[in-house]
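The values are calculated or read from the model by the stated rules, or taken from the named source; none is laboratory data. Just so you know, these numbers come straight off a predicted model, no measurement behind them. A quick note on method: Cβ atoms are made from the backbone with ideal geometry, for glycine too, and the neighbour counts reach across all protein chains shown. Side chains are part of the model used for accessible areas, which takes the heavy atoms of the whole protein and leaves out ligands, DNA and RNA. Shrake-Rupley method; radii C 1.70, N 1.55, O 1.52, S 1.80 Å.
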Amino acid sequence: MDRIDAMNVFVAVADQQGFAPAARKLGLSTSAVTRMVAALEDKVGARLLQRTTRSVTLTDVGTRYLERARRILADIEEAEASTRAERTQ
């Protein structure tokens, strides 16, 4: 599992408030999204999302992880954009 991809998937699930809407947005199957989030939860050793038959909500740990994941993903995007800009100069 690529952690950056898993973080992106987790952020999409949180933003879309569900696995199916996140899967549609990302162009993945719902089962792939579910597996990636489950693998991420196993990796960090904590439940990030509370799942019920009708909703998906962030746990307290998930809320804190989401903030950090957004920062990390933004930093990666900034580093890549900076590198692309330097290369074109």
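Residue pairs, Cβ under 9 Å, 6 or more apart or interchain, first in segment 73-87 and in contact (Cβ under 8 Å) with a residue 24 or more places away in the chain, second surrounded by 10 or more Cβ atoms within 10 Å (Cβ to Cβ). List them. Every condition considered, the pairs that remain are Leu73/Ile4; Leu73/Met7; Leu73/Asn8; Leu73/Val11; Ile76/Ile4. How about segment 1-35: which of its residues are open to solvent by 50 Å² or more (accessible area, probe 1.4 Å), modelled with pLDDT of 95 or more and either under 10 Å from the mean Cα position of the chain (by Cα) or of a type in the set (Lys, Arg) (or both)? Those that are open to solvent by 50 Å² or more (accessible area, probe 1.4 Å), modelled with pLDDT of 95 or more and either under 10 Å from the mean Cα position of the chain (by Cα) or of a type in the set (Lys, Arg) (or both): Ile4, Asp5, Asn8, Asp15, Arg24, Lys25, Arg35. Each residue in segment 46-89 was checked for being open to solvent by 50 Å² or more (accessible area, probe 1.4 Å), assigned to a loop (DSSP other than H, G, I, E, B) and either among the β-branched types (Val, Ile, Thr) or at pLDDT 95 or above (or both), and 3 pass.
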